[in-house]
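Right, one structure below, let's go through it.
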Amino acid sequence: MTALDIRERVPLAALTTLGVGGEARWFVEARDEATVIAAHGWARARGVGLRVLGGGSNVVVADAGVEAFVVHLALRGIDSDRTDGAVDVTAAAGEPWDALVQLTVEHAWAGLECLSGIPGLVGATPIQNVGAYGQEVSDTVVAVRALDTETGVVTTLPAAACGFAYRDSAFKRDAPGRWVVLAVTYRLRAGGPPTLGYADVDRHLARQGIGAPTLGDVRAAVLAIRRGKSMVLDDPVDPNRRSCGSFFLNPILDADAVASVSARAGDATMPRWPQSDGRVKLSAAWLIEHAGFARGERAGPVGLSTRHTLAIVAHDGARTADVLAFARRIQDGVDARFGVRLTPEPVLWGQA
Ligand SMILES: Cc1cc2nc3c(=O)[nH]c(=O)nc-3n(C[C@H](O)[C@H](O)[C@H](O)COP(=O)(O)OP(=O)(O)OC[C@H]3O[C@@H](n4cnc5c(N)ncnc54)[C@H](O)[C@@H]3O)c2cc1C
């Protein structure tokens, strides 16, 4: 039986990128699978909820904290397995995501380069099907090793069982909290070309005079673009650094709803991206700006990033209640102007 080094009433704010919120009632750092399994057993025996914390870049912890057993995943290890031009890279859930991307780019393994600079750990990437600049992890994930907290069994799920969709998966949508991801396998293209076609990245490369970009060129371009939006957390004095990235999802609406938003907008330039299922994705940033909210707008200690309309930033003295009130103000404003209720992207822990 694995001994658990359980701590009580552990402050979580410093373990999240937003930097607000209260304590975990119980907390353990899991450096191996046996600890995760033991933690699950401990929680189940006491009827206590289990929460998994990775890099804390997509969670908002309530000011009152979370009355649950928080397992901070710190499992490490990366393996690769080459077959016929493909390479299967398996990374443990606690591996820092961007270091993994960098490693794959250095090995000329294509498939993750556009996902450079995203904070957090490997284990969270399948949860909301992390994506950016023309790639999503669902393009490359072939297997997810996970603990099923309903049965206590560790199993390997094929990609088809993950139910990936835009910033969504079966893990997040169908059974939140049921699966603890322990490792993820990505099938990459050894020596393959980078993914191109995303306008911002293509423009950036063209401006640099790069005609045939390498994976490294695309990674550098994505990092430069992201830095310009405070979307890379490598500047400790950046006033926009305390955020969850995009606070709202881009809404995906059916044709009738889009026609209604369009009529209310009265602006033919409103961005829209048709989806394969006939629905249309709209830009949450465009809707927020056209509902009258400007970058840098503040409400006391919280506000919109000065460089990215979708990011809500917590400044000194902010509490979770301030962040959530500000988020509601934006949702209400967009709703009143366009009849669309924006959905938050980060997960709220505890009672707001
Ligand atoms: C500046 C900034 C930029 C960002 N840019 C992007 C972007 O471009 N694209 C994008 O998709 N996201 C982006 N994000 C959001 C975030 O970085 C990603 O969602 C990331 O994958 C979250 O990883 P994490 O380890 O920090 O997860 P956490 O915040 O710790 O957890 C997020 C959720 O996943 C669950 N979870 C975490 N690990 C596991 C696990 N091993 N098993 C089961 N559940 C787990 C948690 O319980 C929680 O519900 C950004 C965030 C920030 C702060």
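The values are calculated or read from the model by the stated rules, or taken from the named source; none is laboratory data. Predicted model, so just to flag it, every value in this text is computed and none were measured. Counting neighbours? That spans all protein chains shown, and the Cβs are built from the backbone with ideal geometry, glycine included. What goes into the accessible areas is simple: the full protein's heavy atoms, side chains included, and nothing from ligands, DNA or RNA. Shrake-Rupley method; radii C 1.70, N 1.55, O 1.52, S 1.80 Å.
Can you tell me the order of 111-118, 233-240 when each peptide is scored by its average per-residue count of other Cβ atoms within 10 angstrom, highest first?
Per-residue mean Cβ counts within 10 Å order the peptides as 111-118, 233-240.
Compute a Gaussian network model of the chain, connecting alpha carbons closer than 10 Å, and tell me which residue from ALA285, ALA299, ALA183 fluctuates the most.
The residue that fluctuates most here is ALA299.
State the extension gain, in nm to one decimal, for the chain segment bounded by ALA352 and THR155, taking 0.36 nm per residue of separation less the distance between their alpha-carbons.
The ALA352-THR155 span can extend by a further 67.5 nm.
Could you work out Rg/(2.2 N^0.38 Å) for the chain, with Rg from alpha carbons only?
So the Cα radius of gyration is 1.01 times the expected 2.2 N^0.38 Å.
Run through the DSSP bridge list for the chain and note the antiparallel percent, rounded to the nearest 5.
Once the DSSP bridges in the chain are tallied, antiparallel ones form about 80 percent.
Pull out the extension gain between ARG76 and ALA259, defined as 0.36 nm times the separation in residues minus the alpha carbon to alpha carbon distance; nm, one decimal.
So the extension gain works out to 61.0 nm.
Over what distance in Å are the Cα centres of the stretch 134-183 and the stretch 254-307 separated?
29 Å
For SER243, SER260, SER276, give the ranking by accessible area with the largest first, probe 1.4 Å.
Most to least solvent-accessible, the answer reads SER276, SER260, SER243.
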